[in-house]
Amino acid sequence: MGVDQYTSSHLFDDLPDGGRIELQRDSTDTAGVRTIREHLQHIALAFAAGDFSLPGFVHAESVPGTAAMTANRALITYEFRPLSGGGEVLLRSSDSTSVSAIHAFLAFQRQDHRAGGMVHQ
């Protein structure tokens, strides 16, 4: 990714229509913020194309939810938005199977990265 994810704030939030991946650094680290934004923009484009090879590589295993997210890629949108210290990617769908897959993906990310985030009830 180009920045130390363990000195950055990484959140994986479940939302009723999908979820959110947030990654931020101290906003005074302009090089780190720029690197995060580039990374998240790349992730949004790759995921929209059904390419989940990066999470598989990072975690050295098949990541839960990605098979359904690939199969249903036309039903899911991925939107990058900049934040003061980095950015976020919103993963949205009106399809319940896709939302369940997004939640499984985010739950795995929260656990494997030991990161925070909200779980949709």
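The values are calculated or read from the model by the stated rules, or taken from the named source; none is laboratory data. Please read these numbers as outputs of a predicted model, since none were measured by experiment. Virtual Cβ from ideal backbone geometry, glycine too; neighbours counted across all protein chains shown.
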### Query
Restricting region 17-37 to residues that are surrounded by 20 or more Cβ atoms within 10 Å (Cβ to Cβ) and of a type in the set (A, V, I, L, M), which is nearest to the chain's Cα centre (by Cα)?
I21
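Quick check, is V33 modelled with pLDDT under 95, part of a loop (DSSP other than H, G, I, E, B) and more than 19 Å from A104 (Cβ to Cβ)?
Numbers: modelled with pLDDT under 95: yes; part of a loop (DSSP other than H, G, I, E, B): no; more than 19 Å from A104 (Cβ to Cβ): yes.
It is false that V33 is modelled with pLDDT under 95, part of a loop (DSSP other than H, G, I, E, B) and more than 19 Å from A104 (Cβ to Cβ).
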### Message
On the basis of being in contact (Cβ under 8 Å) with a residue 60 or more places away in the chain and of a type in the set (A, V, I, L, M), does L23 make the cut?
### Response
yes
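Is it the case that S27 is modelled with pLDDT of 90 or more, touching a Gly at 6+ places or on another chain (Cβ under 9 Å) and either small (G, A, S) or part of a loop (DSSP other than H, G, I, E, B) (or both)? First the steps, then the outcome.
Details: modelled with pLDDT of 90 or more: no; touching a Gly at 6+ places or on another chain (Cβ under 9 Å): yes; either small (G, A, S) or part of a loop (DSSP other than H, G, I, E, B) (or both): yes.
The answer is no for S27.
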